[in-house]
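These notes are about the structure you will find just below.
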Amino acid sequence: MKNKILTILQYLFFLALGIFLVWWSVSKMSDKDLADCKNALQSARYFLFIPVFFILFISHISRAIRWKILMKPMGYTPTFLNTFFAVMVGYLANLAVPRLGEILKCTILGKYEKVPPDKLVGTILIERAVDVVCLLLVFVVAIVSQASILSNYATKTIQDNFISGGTKPLVIKFLAIIFFLVFIFLLSKWVFKKYGHSKIVRKINDIFNGVKTGILSVKDLENKWGFIFHSLLIWTCYLGGTYLGFFATSGTAGLPLAAVFPILAFASIGMIITPGGIGAYPRFIMEVMLLYNIEKGIGYANGTLQWVAQFLIILVLGFISLVLLPYYNKKREIKVNRIDV
């Protein structure tokens, strides 16, 4: 009961954070920004939702195939459709309660494919670990390919927050940062040593160990190249869908291809910190687009459209999967019974 209340409170907090980011983003806009946002949404090329849906659909198919590859070494070979349905229902559940989808999709395969849900926990950790690595690669490419733009932003941020005011304040701020980092390091080391038995510390340790184990286990997969291919395909689809989304609004259609890397990188962080990325996803896209001299209102409109596209495909495919799951498996059961007879 205590864990359920904690989960509900955690969800409400991050949902409130997402709603706050929506309000904050809009409230910080000038009348011109709001007018630009409204005009961008009214004149948007909504027909581009169709190819974006198709690209994202491929990424979800690839994710289901990748999951099947992870299950095969354990001796389990669920059907593609049940695996795909489980993935989409999991995504749908995550819109309501973060991380509920990971549990639910394991439960679905346990029910319809007789795969022990506890055996699937490791595969989920591997998937998340590899996705973290792919996201880091996107960040690296963003930094390398857009060094001039990102460095200008970093330089301005440092000048505004650290260098302004003369040399003496700069030295003080620099020493303060060093002291703070050393303090955090020593505090973390003490906490892990002193409270290594506590649930929270163990959970943090499990996350780090899970990422490490997940990355190392890829080399032992029977079809590791297939796993790597689908991991890259998933993120290539994300990049392609994001880039195609630039053309949805006229003000962002001229963005260079390389801009997709920093925009997807920061948008992905937004997708993680709030349920379904509400508020954070369009906000982060807007912030990165400002570096490319895209007006705030236009950037926010484009980010909103890109978020809506992802939200709708999960909503549509998730509900379709939820409806088809029992129907598909009932037909399978009838077919098996006929063969047995």
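Throughout, read-outs are computed from the coordinates displayed, never taken from laboratory work. Keep in mind that what you see is a predicted model, and the values were worked out from it rather than measured. In this analysis, Cβ positions are derived from the backbone assuming ideal geometry, glycine residues included, and neighbour counts consider all displayed protein chains.
What pairs in K189/K224; K224/K331; K105/K330; K68/K193; K68/K189; K111/K224 have C-alpha atoms more than 30 Å from each other? Correct reply: K189/K224; K224/K331; K68/K193; K68/K189.
A simple spin-label model places pseudo-atoms 7 Å from Cα toward Cβ; at F54 and A253 they are separated by 1.9 nm. Phi-derived couplings, Karplus 6.51 cos²θ - 1.76 cosθ + 1.60 at θ = phi - 60°, listed residue by residue for region 135-141: 5, 5, 5, 4, 4, 4, 4 Hz, with x used for Gly and Pro.
The phi torsions of region 313-319, fed into the Karplus equation with coefficients 6.51, -1.76 and 1.60 and a -60° offset, translate into couplings of 5, 5, 5, 5, 5, x, 5 Hz, rounded to whole numbers, with Gly and Pro shown as x.
Here the Karplus curve 6.51 cos²θ - 1.76 cosθ + 1.60, taken at θ = phi - 60°, turns the phi angles of region 278-283 into couplings of 4, x, 6, 4, x, 4 Hz, with x standing for Gly and Pro.
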